[in-house]
Every structure is written in structure tokens, then in C-alpha cells.
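**Q** Have a look at this one before I ask anything.
The values are calculated or read from the model by the stated rules, or taken from the named source; none is laboratory data. Here the structure is a predicted model, which is why all the values come from computation and not from measurement. Cβ placement follows ideal geometry from the backbone for every residue including glycine, while neighbour counts extend to all protein chains displayed. Side chains included, ligands, DNA and RNA excluded: accessible areas come from the protein's heavy atoms. Shrake-Rupley method; radii C 1.70, N 1.55, O 1.52, S 1.80 Å.
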Amino acid sequence: MLFTADHDDIRRSLQKFIANEINPHIDEWEQADIFPAHELFKKMGSLGLNKPVEFGGSGLDYSYALMMAEELGAITCGGVPMAIGVQTDMATPALARFGSDEVRREFLAPSISGDYVACIGVSEPGAGSDVASIKTSARSDGDDYVINGGKMWITNGTQADWICLLANTGDGPVHRNKSLICVPMKSKGVTVARKLDKMGMRSSDTAQIFFDNVRVPKRNRIGEEGKGFTYQMIQFQEERLWGAAACLKAHEYIIDQTIEYTRNRKAFGKSILDNQVVHFKLAEMQTEVELLRALIYRAAEQLVAGEDVTRLATMAKLKAGRLGRELTDACLQYWGGMGFTNETPVSRAYRDSRLTSIGGGADEVMLMVLCKMMGTLPGSHKV
């Protein structure tokens, strides 16, 4: 069994915190295009359920992080849970696993306590899902790296205290010339160029960042030099599972809201919900959510057991993105004209859910990964 009574205790605390401290403010934060990350993260207490105890974490296994991701789906927008996920499961897993004690004390401990806001710097204007082609460089200069380049679509970017930066630290093969480096955002030469104006995820601040001769000590590197691509690929598995799990309750919320709305909305002498095409479709969508949940839980069980979950995490990420698009589109249709207004939950979900098929690796990249594992990708055929 994946979850126990201990999981349920933490689950109930999260549910109470979301209901009292987050959801009452969502409309305000969405309108402002930002939420107070430092204030919220500090209120949440430990942001490291599965992080090492010696750095402030709870030392629990990944199933607790997954449970947290699922509960955060009850937040009535996509931006805030995504920003929390960046802190807990995207910018810090590699640091927690491979970082030296010194760098974990400096960056991981305050991130777990909520004193620091973290962001992850991988994507660039010319390198989104194609991680190997990033151009940002970290040139060796004595005991320091000198960083030049830029990053794009950086969640938490305008509020972050540090960035987990993927940069080229050598001239070798693209999969072995990269390193992950913890870079304080107040370092000289770091510029937050702009906060991006996004279609959805409005309450989450997303930035474009430039690095101009930014000097950081080499001790800020996570793990071995040249292993950054490998570390990031490992980190991606937790990110993709987290992203899929955070969709579950969000999808169920929209189904429930659509049932309520269509039950009360009348057309041609009966409620919209009484039309077979509507209640059958909602039943199908609820079934799809449960199937996605089963896939995610299976992947989580394998991850906790120390197995490679690349295949299942990739499938979960792909399915979550595709389902989010289908489900919110169908539900919005049943809201009619009200679905096209920004005052309804279904329109926000429609805008927010679109990112799942793009961020953390586009659907097409997920399919390439799966085809490569199946031996059907051109150039990867097994002999």
C-alpha cells in the first residue's frame, strides 16, 4: 500500500492549510499576476517531506512528496501549486541527493524552511525541451565559475533567492559537458529582464533572466563537474511525476463544478446535465482521472523501491497533459457562454492546464523518450 495513516495525518493538515491560507486569496493573487512566495512558503513550514533530516527535512520517502503534490491540486488555480512544486520537486532534488554538505547548508536548508525561494534554470529561448542544446556557459577561472547566458520561462524567477542553474562547464559531448550550479540571484551580473505575461498560471511569476560575467565559487556546484545533464534527467523524473499528480484533484474539481453548473442550468426544458452526451462524457472523464491516478501511484511505488521510473513517469506526464486539454475543453463547452468568461473556474482551468503538455518536456518529447525505450524511434532500432 502506497499511503498509510501517517500520510493521512499530513494530508488532513495540508487540506486545512489550503482551505484557510491559500484558496481565500487565489482570486486576488490571480488578479495581481503574482503571489507572495516568501510569506506563503514560510507559513507552510517544512517544504522537505522527503528531504534529509540534517538539513531540516522530514526524511520521509517519495510517497509523501507525491501525496503533497496530489493535495496541492485542490488549490483553485494552477500557478501556486506549480510554484510550490518548483521549490520542492524541481529545483532541489538534485541538490538534496548530490550536493555537498556545505552547499546543502547554504541553499537546501533555507529552501526547506521557507526562508529562501528557489527556481530552476534549464530552459533557454533556443532550448526548451532540447536540454542538450543549452548555450549558457560557466567558464572556469581559478576557484570560480564565470557565467554568461540567459534562461527563459523561469517559475518563481522574480522572487527567487537562488537558481539551480544548468550550464556548460566544458567543451566535450553535450551530455557530459554540463553542471548544475547554485547561483544566488543577488549576485552581480544577474538581471531579471522581465516578468512574462502568460495565458495561464497567472498567479505564478515567470521570468526571463540574463547572466553577465556572474562569478560564483565552484563549491556551489552540485555534485561532479560534467554530470549536470545526468542529474537533471534524474531530477526530471520527480518533476514529471509531481506535475502529473498535481493534476488529479484539479481535474476532479472541474468535473464536480461542471456537474453542479450543468445540473442547475436549463435549456429546452431540462437541465444540461440530463443530456446523455454530457453525463456520459463526465463519467468518461472521471474514469480517465482514476486511470491516471493508478499509473502515477504505480510509478511512485517503483520510485520508492529504488527502481528506474523513466518509462512510467514519462507516460504519466504525457497522459496528464493530454487529459487536461481534453477534460477542460469538454467541460468548458458545457458551461456555454459563461465558460468563455474569466469569472468561472473552468476557464481558469482551461488556461492553466495547457502548460502541462509543454512545461517539463513537451508531449512530443515524452513520445520520443517512450519510442526510444521501445526501440521504435528512428536511429534507436535494436539490432
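**Q** Please go through the stretch 11-56 and give me each residue that is touching a Gly at 6+ places or on another chain (Cβ under 8 Å) and among the acidic types (Asp, Glu), ordered by number.
**A** Passing the criteria: only GLU30.
Conditions (1) in contact with a strand residue (DSSP E or B) (Cβ under 9 Å, 6 or more places away or on another chain); (2) at pLDDT below 95; (3) assigned to a helix (DSSP H, G or I); (4) not basic (Lys, Arg), marked per residue:
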position	(1), (2), (3), (4)
CYS247	no, no, yes, yes
HIS251	no, no, yes, yes
ILE259	no, no, yes, yes
ARG263	yes, no, yes, no
LYS281	no, no, yes, no
MET285	no, no, yes, yes
ALA294	no, no, yes, yes
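**Q** Please work out which residue is farthest from TYR253 (Cα to Cα), limiting yourself to the stretch 28-48 and to residues that are open to solvent by less than 20 Å² (accessible area, probe 1.4 Å) and at pLDDT below 95.
**A** GLY48
**Q** Given the conditions (1) touching a helix residue (DSSP H, G or I) at 6+ places or on another chain (Cβ under 6 Å); (2) at positive phi, report the number of the one that GLY361 does not fulfil.
**A** Unmet for GLY361, out of (1) touching a helix residue (DSSP H, G or I) at 6+ places or on another chain (Cβ under 6 Å); (2) at positive phi: (1).
**Q** Could you run through the stretch 68-100 and say how many residues are open to solvent by 10 Å² or more (accessible area, probe 1.4 Å) and either without any contact (Cβ under 8 Å) to a residue 12 or more places away in the chain or among the hydroxyl-bearing types (Ser, Thr, Tyr) (or both)?
**A** Matching residues across the stretch 68-100 total 2.
**Q** Mind telling me which of the residues GLY142, GLY150, GLY172 ends up being at pLDDT below 95 and more than 29 Å from ASN50 (Cβ to Cβ)?
**A** GLY172
**Q** I've got another one for you. Are any residues in the stretch 49-67 farther than 20 Å from THR4 by Cα, assigned to a loop (DSSP other than H, G, I, E, B) and open to solvent by 40 Å² or more (accessible area, probe 1.4 Å), and if so, which ones?
**A** Initially, the stretch 49-67 is screened for residues farther than 20 Å from THR4 by Cα, giving 52-56.
The next check asks that each one be assigned to a loop (DSSP other than H, G, I, E, B); those that pass are 52, 56.
Passing the criteria: only GLY56.
**Q** May I pose another question? Restricting the search to the stretch 300-326, which residues are part of a helix (DSSP H, G or I), open to solvent by less than 10 Å² (accessible area, probe 1.4 Å) and more than 18 Å from THR356 (Cα to Cα)?
**A** Passing the criteria: only ALA300.
**Q** When GLY360 is evaluated against the numbered criteria (1) closer than 16 Å to GLY79 by Cα; (2) out of contact with any Lys or Arg (no Cβ under 8 Å at 6 or more places or on another chain), which criterion, by number, is the only one it fails?
**A** Exception for GLY360: condition (2).
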